[in-house]
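Data block below; observations after.
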Amino acid sequence: MKTNQIADLRNALAALPADYGRLFTSHAKAHGAVFDRVTLDLGDGVDFDGADFVNAGFIVADRDAAPTTRPQAVADFKPFVYELSAERLAEQFSGDQMKRAEAELREIRAVHEKGPWKPTWESLDRHQAPAWFQDAKLGVMLNWGMHSVPAWDKKRGGAMYPDAYGCAMYVDEVVRAHHVQHWGADFQWDDFIPLFKAESYDPDARVNLFKEAGARYLIPMSKHHDGVAWWDSQWTKRNFVQLGPKKDLLTPLMAAA
């Protein structure tokens, strides 16, 4: 890890306006919410050095420079094929999974009935965040996954959201044109699975970096919009232990933190 990475974090925090505890995002404005801390979003690029610092649309620091290298589709590209078809999965696993899910949901509801918290605003309003969290002014959201392979988005009012690439590559004309140019018209989202290898992933080094920068909490990614679980999930074979990197990305990170 480079020492300037820590400096980047500290400088980004120092550059925030004095009233950063009351920053609104466009989503928060629509819901009348107020943020009382800042979360820095790291890792939407292939490497930490290429990431933007973003708080749900609020630009803390904007890096316009593109990575010096960008992954490209392999010349002998072949579409990714799952071991089992959707029909085979439904035939072999869906019935048992639904029975297990119904049983576990019954247990969850029974616990909720006995617990102090209810699905009402009045109940939620009684909850108090712990003192350490109230005083935590810097946190890190580790937004990382298959979208870190294409690692690209068009400018959207100054911000960029590469984590939405899996959707935008199909519905956004600009992103679609970029995708066709760099990856090919037949290259689907799941074709990125074997390209996401996480070979340099070091949970301990990441957590140490965040601690040195002064972060008090970490928001990890356990499953992104594409539905691929970071751990060896008992509920889905669509996970990174069985696909892509072929290893648990979540458990070692939680242990390091």
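All of the numbers you see were taken from the coordinates with simple rules; none came from a lab. In this text the structure is predicted, and so the values were computed from the model without any measurement. Cβ coordinates were reconstructed from backbone atoms using ideal geometry, including for glycine residues, and neighbour counts include every protein chain displayed.
Straightening the chain between Trp117 and Gln97 buys 4.4 nm, computed as 0.36 nm per residue apart minus the Cα-Cα spacing. Placing unit charges on the Cβ atoms only, positive for Lys and Arg and negative for Asp and Glu, gives segment 139-197 a dipole magnitude near 240 debye about its Cα centre.
The tail of the calculated P(r) for segment 195-234, taken as Cα-Cα distances beyond 16 Å, holds 52 percent of the pairs. Sorted into 10 angstrom bins from 0, the C-alpha pair distances of segment 87-171 split as 12, 17, 20, 36, 14, 0 percent.
Set the Förster distance to 25 Å, then compute FRET efficiency between Lys155 and Ala75 from the Cβ-Cβ distance, nearest 0.05. FRET efficiency, Lys155 to Ala75: 0.25. Each Lys or Arg adds one and each Asp or Glu subtracts one; over the other residues with Cβ under 11 Å from the Cβ of Leu218, this totals +3. Ranked by the mean number of other Cβ atoms within 10 Å of their residues, highest first, the peptides 93-101, 176-184 come out as 176-184, 93-101. At full extension, Arg176 and Arg216 could sit 10.6 nm farther apart than now, given 0.36 nm per residue minus the alpha carbon distance.
For segment 148-159, putting each phi into the Karplus relation 6.51 cos²θ - 1.76 cosθ + 1.60 with θ = phi - 60° gives couplings of 6, 7, x, 6, 8, 7, 7, 5, 10, x, x, 9 Hz, in residue order, rounded to whole numbers and with x for Gly and Pro.
Taking Cβ atoms as reference points and 12 Å as the exclusive limit, the residues near Phe187 contribute a net charge of -1, counting Lys and Arg as +1 and Asp and Glu as -1.
Dipole check for segment 90-167: with +1 at the C-beta of Lys and Arg, -1 at the C-beta of Asp and Glu, and the Cα centre as origin, the magnitude is about 260 Debye. In this calculation the C-beta distance from Arg88 to Asp204 is compared with R0 = 25 Å, giving a FRET efficiency of 0.05.
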